[in-house]
1. Along Cα→Cβ, 7 Å out, is where each label goes; now give me the distance between the ones at residue 639 and residue 819 in nm to one decimal.
2. If amide hydrogens are placed 1.01 Å from N in the peptide plane, which non-local residues have theirs closer than 5 Å to the one on residue 4?
3. Measure off 7 Å from each Cα along the Cα-to-Cβ vector at residue 572 and residue 84, then give the distance between these two points in nanometres to one decimal.
4. Using just the helices of the chain, give the 222 nm mean residue ellipticity in deg cm²/dmol: DSSP H runs with n ≥ 4 each add -39,500 (n - 2.57), and the total is spread over all residues, rounded to 500.
5. Multiply the residue separation of residue 646 and residue 10 by 0.36 nm, subtract the distance between their alpha-carbon atoms, and state the gained length in nm to one decimal.
6. Please list, in order, the residues from the stretch 1-15 whose amide nitrogen is less than 18 Å from a point placed 7 Å along the Cα→Cβ vector of residue 280.
7. Okay, which of the stretch 833-850 sit inside 18 Å, backbone N to the point 7 Å along the Cα-Cβ direction of residue 805?
8. With both partners inside the chain, how many of the DSSP beta bridges are antiparallel, as a percent to the nearest 5?
Amino acid sequence: MQTLTITPNQNALLEMAEHIWEIAKSSKTRPLVILPTAGPNASLRQALERIRPSLDQANVPFLPEVHSLSDWLELAPDIFLIPDQQSQTERILQTYASIDAHPELQTWFAAEGEGGVWSLAQAIVSACELLSQSIMPHLSWDPNTLDLKGDMQKLESVLQSAIDTAYPKLAHALVSKEANVLLAFWRYLGSVRDPIIRKHLALASYVQQFAQHPQSRRPLIWIDTVEPQPAQASMQTQFLEACTPYIPVHRLQMDWSSVALWSEAVSAEVGAQEEAQAQHNIHTLKTKTIHCITANRFEDLAWEATRRIETHLKEGRKHIALVAQDRLLARRTRALLARLGPSLSIADETGWKLSTTRAAAALHAWLELLRSPSEGPSASTLLEFLKNPFLDLEHLLNTQESNCDLLITELENALLIKQAHSSWVSFYLTIEAGTSSEYDPRLQTLLQVIRQRVGQWQSKAMQTPYCAEALLQLHEDLSAFGMKQGFEQDAAGLQLLHMLQTLGMQQSKLGQLRMPLNEWLILLKTVMEEEVYREQGAQTSARVSILPLSSTRLRYFDAVVMVGCDERQLPAFSEPPLFFSETLCQVLGGSSIAWQFRQQARDLSQLIASYEHIDLLWQSEGARGEPLRAAPWIQRLQNHLPTLATIQAKAEQRTAQARPSAMASAHRLPGLPMPTRMSPSAYRALRSCPYQYYVRNLLGLRKRKGLDEELDASLLGQTLHQILRNFFQELKSTQIREPRLQDPQYRQTWMQEHLHHASEQGFLKLLEGDKRILGSLRDWQKQIPSFVAWQLERESHGWQFHDAELKVGFEFSFADAHHQEHTVRIEGYADRLDINTTLRQAAVLDYKHQSPDKIKKRADQLMDDPQLLLYTKAITEEQKATDHPVIEADWVALKMNLKKKDSSERSFKLNHLSDQVLVLEKQLQQDLSAVWSGSAMQAFAPESACRYCEARGICRKGMW
């Protein structure tokens with residue numbers, strides 16, 4: 001076996017191609033070239049084509065055959081005799097089934113909580129992969145004498161020896177117990193379908209082919225672009241030595257001594273010679289154009305990376321590498337580069353997770369609905385699913401009608417207006433409350449179909465389903481929603497459907513596998529997270545390739561922009577598998593942090609040595625404002641090369657003239673239609689802040705409220721109003737036919753019992769949707785005895801319930817400053833109307849879910865919130881509800897301090913009611929005339945009114 005060294009710089013590919021052609025010339029055959037990964041394949045073929053000798057010189061009509069190792073193994077001569085390898089998901093499922101059958105393992109490994117068993121299965125499979133890798137050097141290279149069972153037994157002594165070396169005696173007993181469990185799982189998973197063992201069998205079949213079939217013999221050129229891990233290095237050396245008796249073997253290895261910029265990149269053993277070599281290599285960088293650029297903010301750095309790429313393109317460099325040490329920043333830069341138009345092709349080789357695509361997001365939204373409680377999902381979860389672009393509403397509702405997309409907008413608006421945060425019941429109540437024409441009746445059907453689909457998953461049989469049945473149900477759901485048809489028209493969607501099909505094939509091999517629904521949903525999300533989606537860029541003259549640092553080896557680029565060069569992200573490393581310490585992993589021949597650091601130092605050295613134009617960018621401040629320095633490797637370079645000093649990213653210069661803000665003020669716009677109706681709440685807004693009235697009522701702007709999962713206070717108030725209305729109407733009808741209600745003691749008992757029952761019934765639907773409302777129900781039920789006592793005392797003064805939730809209003813005429821007459825109807829819903837038949841008088845009552853102390857404060861600003869006065873005027877003028885004059889108006893508190901015994905404090909009566917109504921009429925004339933006349937509507941409200949004002953984002957109070 002001949003070993004050659006290659007210097008990994010800008011000439012590495014040409015040097016490699018020259019060696020390959022020399023071997024082809026001397027052997028007069030087409031050599032076989034094997035690379036560890038597929039990344040450099042195209043670049044190496046281009047280099048071979050560039051220096052291709054004439055046919056007379058080489059006598060080889062075709063280019064040397066170049067393969068990545070994984071592709072070459074799939075072409076092994078006896079590969080069809082070897083069973084297909086198990087996928088990672090299939091191995092995890094197999095392990096999961098075994099753990100699930102042994103609860104003592106779950107207890108011993110503390111696999112608790114949702115997804116605990118699934119996470120444990122993943123960790124065990126990762127550990128078993130390392131065990132398989134460590135046994136590779138002990139396997140035979142003769143397929144006829146290969147004894148997997150016998151060779152597997154060797155692993156026990158190998159692992160025991162590694163444990164003795166890596167762990168102190170105190171931890172030995174515990175670790176040995178874990179090791180025995182892992183060995184049992186490794187034997188369970190270990191077979192010819194194990195990916196690593198299958199790889200060994202494929203290599204062994206090549207050795208057998210070279211030995212038995214002379215016509216297949218030709219030079220083998222094995223290229224190592226990285227330093228292999230110890231176990232891999234031993235396996236590769238054994239394979240090449242096994243091939244040497246039959247074919248010429250040439251091993252091309254990288255020699256980093258002339259390009260390494262740090263001593264640890266020269267060799268694993270660092271000494272004075274390595275330090276001197278690194279210092280010598282650093283001084284060769286003086287001829288290169290290297291910029292070290294930093295910015296404080298994430299967005300500024302993304303713009304700077306975009307500007308650097310744009311600069312390279314303008315200077316004639318057509319193929320730019322964007323090295324994504326910080327993937328989030330690289331993808332933000334990619335979004336900014338998209339603004340340059342279709343003339344720039346962008347290829348992302350970092351491997352987007354399938355879970356980041358919109359197709360996966362649509363499926364994820366449905367899975368989140370399935371995880372919702374039996375009462376129903378949150379409104380935000382429901383809307384997230386309904387808004388996914390793959391949902392076909394026409395197909396779902398089985399209708400040909402248009403404007404189905406507007407259904408989602410109507411539903412969202414209804415939920416926002418009613419603040420229905422969660423549960424199917426609150427959603428139905430919201431739709432039922434919107435009986436006006438603006439609500440589409442198909443909303444009820446839409447909710448019912450989705451609830452029915454979700455209900456199938458929440459049945460008892462589906463709480464621990466067979467995996468095959470759960471997958472079949474998911475396919476039926478996707479078809480019913482029309483999402484499957486949408487996925488078939490989308491590249492990521494097609495990959496998602498293929499993933500589900502593959503998962504079904506893997507699960508079918510495990511027989512009747514059951515798992516809890518939540519863990520099965522976690523399985524789906526995990527598979528989506530592990531699936532790689534690669535976006536293909538169009539062919540253009542200018543290209544940007546987004547790739548990780550490791551993928552830059554042996555590639556051609558005109559310039560390199562690397563982002564994420566701060567101390568937090570460079571170098572990066574991965575932790576050893578669970579159950580393995582760093583030392584044990586290293587003893588078994590696996591990866592170590594030192595090996596990862598050394599390889600990244602070599603990759604960065606190779607990158608800097610191979611290209612003339614390099615930009616290194618990083619963010620100088622973290623998310624919390626903490627300072628971030630450059631990566632230690634870059635700092636060490638800067639210490640020796642002052643020309644690499646850090647440059648602050650140049651932000652775009654913006655000039656502006658400061659202008660002090662003034663109080664927000666508005667005038668009626670010409671042609672703006674003025675309202676013909678006004679509610680008491682609208683008039684309250686006009687009184688508290690005219691500017692607020694202008695924004696909300698004249699312009700019709702509303703703040704988009706969030707749909708979180710807080711307790712719905714507004715729905716509680718509406719429910720209490722309905723309970724009291726139904727209760728008093730029942731009392732009114734019952735006392736006519738039941739004389740015993742005239743007895744005070746019986747009446748009190750009857751009222752308390754029936755109000756308790758009415759409250760239970762009224763809160764029943766709400767409790768179905770949110771159990772937290774039970775506390776509010778109990779609080780109200782504690783108020784019932786005091787409320788009944790107050791009602792009886794009121795009845796003793798001659799007042800009787802007459803009606804509730806009564807719509808009342810009146811026409812108000814006024815003249816503006818231009819002497820034009822206008823009429824506005826002011827109307828609203830009065831909570832309750834009582835009459836005194838003896839005195840032929842009426843009283844209007846308004847329930848407040850507040851304490852009496854807060855109600856008393858309302859009286860101090862009665863003219864700013866004259867709701868009771870407006871109802872008084874409306875009932876008196878229209879005389880529809882009663883022909884008795886309203887002589888009393890009261891606020892009634894529904895939240896009393898029960899430690900106080902005086903129930904009469906529950907209501908607060910307005911004094912001088914008739915005089916107050918006259919004052920209100922004059923005030924209405926002035927206020928409405930000013931607005932209709934075009935007077936300025938200024939924002940002069942007190943802070944208490946501004947605290948929760950929806951128009952504050954427009955008036956900007958606090959800035960003037």
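The numbers here are math on the coordinates, done by the rules we state, and not lab data. Please read all numbers here as calculations on a predicted model, not as lab measurements. With ideal geometry, Cβ positions are generated from the backbone for all residues, glycine too; neighbour counts draw on all protein chains shown.
1. Simple spin-label model gives 9.2 nm for this pair.
2. Those qualifying (amide H under 5 Å, at least 5 residues apart or on another chain) are 251, 252, 253.
3. It works out to 3.1 nm between the two label points.
4. Details: 38 runs with 476 residues, N = 960.
The per-residue figure over the chain is -15500 deg cm²/dmol.
5. 226.4 nm
6. So the set is 5-9.
7. Once the point is set 7 Å along Cα→Cβ of residue 805, 833-834, 845-849 turn out to lie under 18 Å by backbone N, inside the stretch 833-850.
8. Details: 31 of 86 bridges.
About 35 percent, rounded to the nearest 5.
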